[in-house]
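See structure below.
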């Protein structure tokens, strides 16, 4: 069976399709889905962010991995193939969170984790009995997972050879704005550490990006993993929480195991905003101390801020700018609150009639899609760019990296200059990921 696994791109505000010469890092979704597919199948992987999807080519089955922002483009691609009689299956985050948006535009839709249903999809497609919907009835056990098929990728399409590795799924926290719980539930599941280490050893490169939503959700388990990684001599980046940084041994072992960057969801410097979205594990009064711990162990980091939470005001924007000037984080990303399908936040805002529209392909952190409570939509939009303009200004970059010098942060200095250029062109740095 000849199969195309594709990730559609999305449309910019000017109506053009987003394309770039190279992606920053290697995504895991399509290579992993190929790993779930029997080896006797002829598989082609296409990421439309960097390569065109040829809708005139012949396939027995097309599988689309759909994000919210790519909804419109995914429907166009599906229709082009279906007009030629080629069966199309949609899966991915958006298919699981908003299946009703895609169901009528594809032959079949996959809801939930693919490990439990993908073999059935392929078998039914081969015998002509493809069902309209396949839904996982439970969460998978995370044992014996296949190796992603990185051999099917054109490595020239990526700026850095950071191979993605997944070691956990889910998050033990219940933040109202986050879709992780909607997809994976509050259950925090682990792959056997021996299997993770074996996969890392089998990778063609030594640079890794751990794609867990929260690698530090269980610091004892994470520390065991880090100890196993130390002899492998890898370099890795990943996402963690401020709560995990309270464990100094966790930070030390992360560094010893090769950590060269941690991304943290700081979300807000407004305690009332954190409480409102149930981000109880973040405490504003300990931010500086915990970030200094990362500096002590020379672990570079980036912070993700969200503006527009119900307790935020225009003053919150100024407090955010001031915080970054005082603390001097290595990198920072500023987003306006965007309620995602499947989240508690979206349901509540919809019930309050504060959602502007449900065009999910425009839920891209670029324009407000809801009515903020304590500021105007224009103040919110301007506030995000005010933070970016200040943080990635040349004087602030100089103060963060050169006064006094921070010699272990060459990569972050280079990225800051890259983002300075992007911000001047009003390109959100997050879009490069």
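The values are calculated or read from the model by the stated rules, or taken from the named source; none is laboratory data. These numbers come from a predicted model, not from an experiment. All Cβ positions, glycine included, derive from the backbone under ideal geometry; neighbour counts span all protein chains shown.
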From the options 202, 222, 198, residue that is at negative phi and without any contact (Cβ under 8 Å) to a residue 12 or more places away in the chain: 198
Selection count, the range 270-283, where residues are more than 24 Å from the chain's Cα centre (by Cα) and within 14 Å of residue 175 (Cβ to Cβ): 0
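Rundown of residues vs (1) at pLDDT below 95; (2) in a loop (DSSP other than H, G, I, E, B), yes/no style:
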| site | (1), (2) |
| --- | --- |
| 120 | no, no |
| 123 | no, no |
| 128 | yes, yes |
| 131 | no, yes |
| 134 | no, no |
| 138 | yes, yes |
| 142 | yes, yes |
| 146 | no, yes |
Residue check for residue 34: farther than 30 Å from residue 206 by Cα and over 19 Å from the mean Cα position of the chain (by Cα): no
Total residues in the range 154-172, condition within 13 Å of residue 215 (Cα to Cα) and in a helix (DSSP H, G or I): 0
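Table: residues versus (1) surrounded by fewer than 20 Cβ atoms within 10 Å (Cβ to Cβ); (2) farther than 18 Å from residue 28 by Cβ.
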site: 52; (1), (2): yes, yes
site: 91; (1), (2): no, no
site: 103; (1), (2): yes, yes
site: 122; (1), (2): no, yes
site: 127; (1), (2): yes, yes
Unique match (being in contact with a strand residue (DSSP E or B) (Cβ under 9 Å, 6 or more places away or on another chain) and over 20 Å from residue 242 (Cα atoms)) among 320, 338: 338
Residues located in the range 365-417, provided they are farther than 22 Å from residue 326 by Cα, out of contact with any helix residue (DSSP H, G or I) (no Cβ under 6 Å at 6 or more places or on another chain) and in a helix (DSSP H, G or I): 377, 378, 380, 381
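Residue by residue, here is whether (1) surrounded by fewer than 17 Cβ atoms within 10 Å (Cβ to Cβ); (2) at negative phi holds:
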{"site": "226", "(1), (2)": "no, yes"}
{"site": "233", "(1), (2)": "yes, no"}
{"site": "260", "(1), (2)": "no, yes"}
{"site": "278", "(1), (2)": "yes, no"}
{"site": "283", "(1), (2)": "yes, yes"}
{"site": "309", "(1), (2)": "no, yes"}
Search result, residues across the range 51-82 that are within 22 Å of the chain's Cα centre (by Cα), in a loop (DSSP other than H, G, I, E, B) and modelled with pLDDT of 95 or more: 51, 66
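Conditions (1) assigned by TED's automatic domain parsing to the domain that holds residue 367; (2) over 20 Å from the mean Cα position of the chain (by Cα); (3) modelled with pLDDT of 95 or more, marked per residue:
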{"position": "268", "(1), (2), (3)": "yes, no, yes"}
{"position": "285", "(1), (2), (3)": "yes, yes, yes"}
{"position": "300", "(1), (2), (3)": "yes, no, yes"}
{"position": "304", "(1), (2), (3)": "yes, no, yes"}
{"position": "320", "(1), (2), (3)": "yes, yes, yes"}
{"position": "339", "(1), (2), (3)": "yes, no, no"}
Of residues in the range 23-36 being out of contact with any strand residue (DSSP E or B) (no Cβ under 6 Å at 6 or more places or on another chain) and in a loop (DSSP other than H, G, I, E, B), the one surrounded by the most Cβ atoms within 10 Å (Cβ to Cβ): 27
Selection status of residue 42, over 20 Å from the mean Cα position of the chain (by Cα) and in contact (Cβ under 8 Å) with a residue 60 or more places away in the chain: no
Subset of the range 83-111 [assigned to a loop (DSSP other than H, G, I, E, B) and either out of contact with any strand residue (DSSP E or B) (no Cβ under 7 Å at 6 or more places or on another chain) or touching a residue at least 60 places away in the same chain (Cβ under 8 Å) (or both)]: 83, 84, 85, 92, 98
Filter result for the condition that a residue is at pLDDT 95 or above, farther than 21 Å from residue 428 by Cβ and assigned by TED's automatic domain parsing to the domain that holds residue 403, over 293, 278: 293
Matching option when the condition is closer than 27 Å to residue 145 by Cα and either touching a residue at least 12 places away in the same chain (Cβ under 8 Å) or surrounded by fewer than 19 Cβ atoms within 10 Å (Cβ to Cβ) (or both), among 78, 114: 114
Test: residue in the range 158-166 that is closer than 29 Å to residue 345 by Cα and surrounded by 15 or more Cβ atoms within 10 Å (Cβ to Cβ): yes
Filter pass, residue 373 being in contact (Cβ under 8 Å) with a residue 24 or more places away in the chain and crowded, with 21+ Cβ neighbours inside 10 Å: no
Residue in the range 173-196 that is within 25 Å of residue 155 (Cα to Cα) and either in a helix (DSSP H, G or I) or not assigned by TED's automatic domain parsing to the domain that holds residue 115 (or both) present: yes
